[in-house]
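Participant: Let me begin by handing over the structure; questions about it come next.
The values are calculated or read from the model by the stated rules, or taken from the named source; none is laboratory data. All figures in this text were calculated on a predicted structure; none of them were measured in a lab. Every residue, glycine among them, receives a Cβ derived from its backbone with ideal geometry; neighbour counts consider all protein chains shown. For accessibility, only protein heavy atoms count, side chains too; no ligands or nucleic acids. Shrake-Rupley method; radii C 1.70, N 1.55, O 1.52, S 1.80 Å.
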Amino acid sequence: LPVLVVGEFKAGKSSLVNALLGTEVCPVDDDVATSVPVVISSAEAPVARVVHEPDAGSDEGPPPTSEVDPALLAEWVTEQGNPENRRRVARVEVGLPHKVLAAGLAFVDTPGVGGLGSLHNTATVSALPFAEAVIFATDASQELTAAEVGFLRHVVRLCPQVLVVETKIDMQPRWREIVALDEAHLQAAGLAVDRLAVSPALRRWAVEGGGAPANAESGFPDLLGWLARPGKGRAGDRTAATGGAGGGDRR
């Protein structure tokens, strides 16, 4: 059941996925930008597979694939490691042993290079009708832009289960003001979507030993609870498996 994590360039999508899973799976850095989709699902042991774009004029059949070291994903999925997608990567599929993934969810970290209106976003838009849910990440440093609101209109038409997540609240002392402004923008646009505010940094600290108070303050127990809430196909059966009120411990 794919959950698409979408949003503008540098909105914190990859950090959000890492914090959800309690492990550094998606490359994250100040000068790193995800340029191809990363699909993360359940596996008995960590594994990564690159799905390549087929050669022009090739016979129909499954696309070529190659196994890669999960620790070297940045060489395949970022603009810095794979500029202009010279390696012709369609997507990278990552398998991890994790109880949230074992419960039936798969997270898709979508490209942010060039913003929501770029060609990189075409694959994201085409995948929306097949998504179980969409998490729309937006940086709490500024209110929603017109481009973000317009994209959200499109998302809601194609996938009714949408959550707007304000990220990086630990870095923004005025994040509550931004949340209030965003609520007004969404109401003005007639978009009745769920909203949460989270801190991936606090979540990471909680997973590394910061404890339950830090985890609760991070907002991620509420995010896991949203993913397990009834109304998302089989998602209503996942509450116990995802640990909606718990931490990020792996299976």
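Participant: Could you please find all residues in segment 33-64 being under 20 Å from Arg88 (Cβ atoms), hydrophobic (A, V, I, L, M, F, W, C) and in a loop (DSSP other than H, G, I, E, B)?
Facilitator: Filtering segment 33-64 down to residues under 20 Å from Arg88 (Cβ atoms) leaves 33-39, 48-64.
This time we only want the ones that are hydrophobic (A, V, I, L, M, F, W, C), so: 33, 36, 38-39, 48, 50-51, 56.
Scanning segment 33-64 gives Ala33, Val36, Ala56.
Participant: Need the failing condition index for Leu227 against (1) at pLDDT 95 or above; (2) touching a helix residue (DSSP H, G or I) at 6+ places or on another chain (Cβ under 7 Å); (3) surrounded by 18 or more Cβ atoms within 10 Å (Cβ to Cβ), just the number.
Facilitator: (1)
Participant: A further question on this structure: Go through segment 1-49 and count every residue that is in contact with a His (Cβ under 9 Å, 6 or more places away or on another chain), open to solvent by less than 10 Å² (accessible area, probe 1.4 Å) and not polar (S, T, N, Q).
Facilitator: Residues that pass the stated criteria total 3.
Participant: May I pose another question? Out of all the residues in segment 36-57, is one or more hydroxyl-bearing (Ser, Thr, Tyr) and at pLDDT below 95? Break it down into steps so the answer makes sense when it comes.
Facilitator: Step one: filter segment 36-57 for residues hydroxyl-bearing (Ser, Thr, Tyr), giving 41-42.
Within this subset, residues satisfying the condition of being at pLDDT below 95 are none.
Checked against the condition, which is being hydroxyl-bearing (Ser, Thr, Tyr) and at pLDDT below 95, segment 36-57 yields no hits at all.
Participant: Only one of (1) closer than 26 Å to Thr145 by Cα; (2) of a type in the set (D, E, K, R); (3) in a strand (DSSP E or B) fails for Glu67. Which number is that?
Facilitator: In the conditions (1) closer than 26 Å to Thr145 by Cα; (2) of a type in the set (D, E, K, R); (3) in a strand (DSSP E or B), Glu67 misses (1) alone.
Participant: On to the next question. Could you please give the count of residues in segment 50-82 that are over 18 Å from the mean Cα position of the chain (by Cα) and either open to solvent by less than 40 Å² (accessible area, probe 1.4 Å) or β-branched (Val, Ile, Thr) (or both)? Before you say what the answer is, go through the steps one by one.
Facilitator: Step one: list which residues in segment 50-82 are over 18 Å from the mean Cα position of the chain (by Cα), which gives 50-69, 71-72, 75, 80-82.
Filter once more, keeping what is either open to solvent by less than 40 Å² (accessible area, probe 1.4 Å) or β-branched (Val, Ile, Thr) (or both): 50-52, 65-66, 68, 81-82.
Looking only at that region, the number is 8.
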